[in-house]
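Chemist: This structure is in structure tokens; I'll ask about it shortly.
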Amino acid sequence: MRRPIKKRPVVLPDIIHGSVDVERLINYIMLNGQKETARKIVYGAFEIIKNDKEGGDPLEVFNTALRNAGPLMEVRSRRVGGANYQVPREVRPERRMALGLRWIIAGARKQKGTPMHKALAKELLLAAKEEGDAVKKKEDTHKMAEANRAFAHFAW
């Protein structure tokens, strides 16, 4: 039996840009309930992007980065007759955004020794240019889905 659909809390738009996606980014970056610190990181990164020569509008760069980092296909394990198969599946838009945000933040956190707002700005700019860790992770996921295309008929 399927598990029931979760009632997720509604995320209100952020203060400065009025974007729900930016507020989600802030929530993903937040650790131990320190939302103000997370806001400073995100808005600091947006400031760096705005002042960067190849940056431009930070909201546009962020949306492009999110589009480039979010996967279209992923593999899910499926048990059929005692064997586990990696079955390629299409990714729902909410999950696509969540994975894109998670991978961008993970790429920024991986850069040790740099302040988080600088690392986040760098990762967003790289993802907007289809480079960086988040886009590499997306491409790896797509390759895995492509490699397991033979098992697509097991999709449920």
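The values are calculated or read from the model by the stated rules, or taken from the named source; none is laboratory data. These figures come from a predicted structure and were not determined experimentally. Every residue, glycine among them, receives a Cβ derived from its backbone with ideal geometry; neighbour counts consider all protein chains shown.
Chemist: Out of everything in the range 59-73 that is assigned to a helix (DSSP H, G or I) and in contact (Cβ under 8 Å) with a residue 60 or more places away in the chain, what residue ends up being surrounded by the most Cβ atoms within 10 Å (Cβ to Cβ)?
Modeler: Narrowing the range 59-73 to residues assigned to a helix (DSSP H, G or I): 59-69.
From the residues that got through so far, the ones that are in contact (Cβ under 8 Å) with a residue 60 or more places away in the chain too are 61-62, 64-66, 68-69.
Details: VAL61: 23, PHE62: 25, THR64: 18, ALA65: 25, LEU66: 21, ASN68: 19, ALA69: 29.
Top of the filtered list is ALA69.
Chemist: With the structure loaded, tell me whether GLU36 is out of contact with any Pro (no Cβ under 9 Å at 6 or more places or on another chain) and either free of Cβ contacts under 8 Å to residues at least 40 places away in the same chain or part of a strand (DSSP E or B) (or both) or whether it fails that test. It would help to see each step written out before you state the result.
Modeler: Values: out of contact with any Pro (no Cβ under 9 Å at 6 or more places or on another chain): yes; either free of Cβ contacts under 8 Å to residues at least 40 places away in the same chain or part of a strand (DSSP E or B) (or both): yes.
Considered against the rule, which asks whether it is out of contact with any Pro (no Cβ under 9 Å at 6 or more places or on another chain) and either free of Cβ contacts under 8 Å to residues at least 40 places away in the same chain or part of a strand (DSSP E or B) (or both), GLU36 comes out as yes.
Chemist: Go over the candidates ARG3, ARG92 one by one and state the one that is over 16 Å from the mean Cα position of the chain (by Cα), closer than 30 Å to ALA152 by Cβ and modelled with pLDDT under 95.
Modeler: Values: ARG92 fails: over 16 Å from the mean Cα position of the chain (by Cα).
Exactly one residue qualifies, and that residue is ARG3.
Chemist: If you take just the helices (runs of 4 or more DSSP H) that sit entirely in the range 77-156, which of them hold at least 2 residues that are over 20 Å from ARG67 (Cβ atoms)? Quick ask: steps written out before the conclusion?
Modeler: Details: elements: 93-109, 116-128, 132-147.
Of the helices (runs of 4 or more DSSP H) lying wholly inside the range 77-156, those with at least 2 residues that are over 20 Å from ARG67 (Cβ atoms) span 116-128, 132-147.
Chemist: Out of ARG78, ARG39, which single residue is modelled with pLDDT under 90 and basic (Lys, Arg)? Can you show your working first?
Modeler: On the way: ARG39 fails: modelled with pLDDT under 90.
One residue alone meets the criteria, ARG78.
Chemist: Next up: What's the total number of residues in the range 29-56 that are buried (at least 16 other Cβ atoms within 10 Å of the Cβ) and either β-branched (Val, Ile, Thr) or closer than 19 Å to LEU99 by Cα (or both)?
Modeler: 7
Chemist: How many residues, within the range 105-128, are surrounded by fewer than 16 Cβ atoms within 10 Å (Cβ to Cβ) and under 15 Å from the mean Cα position of the chain (by Cα)? Break it down stepwise before answering.
Modeler: Taking the range 105-128 as the starting set, the residues that turn out to be surrounded by fewer than 16 Cβ atoms within 10 Å (Cβ to Cβ) are 106, 109-115, 118.
Those left that are additionally under 15 Å from the mean Cα position of the chain (by Cα): 106, 109-110.
Final tally of qualifying residues: 3.
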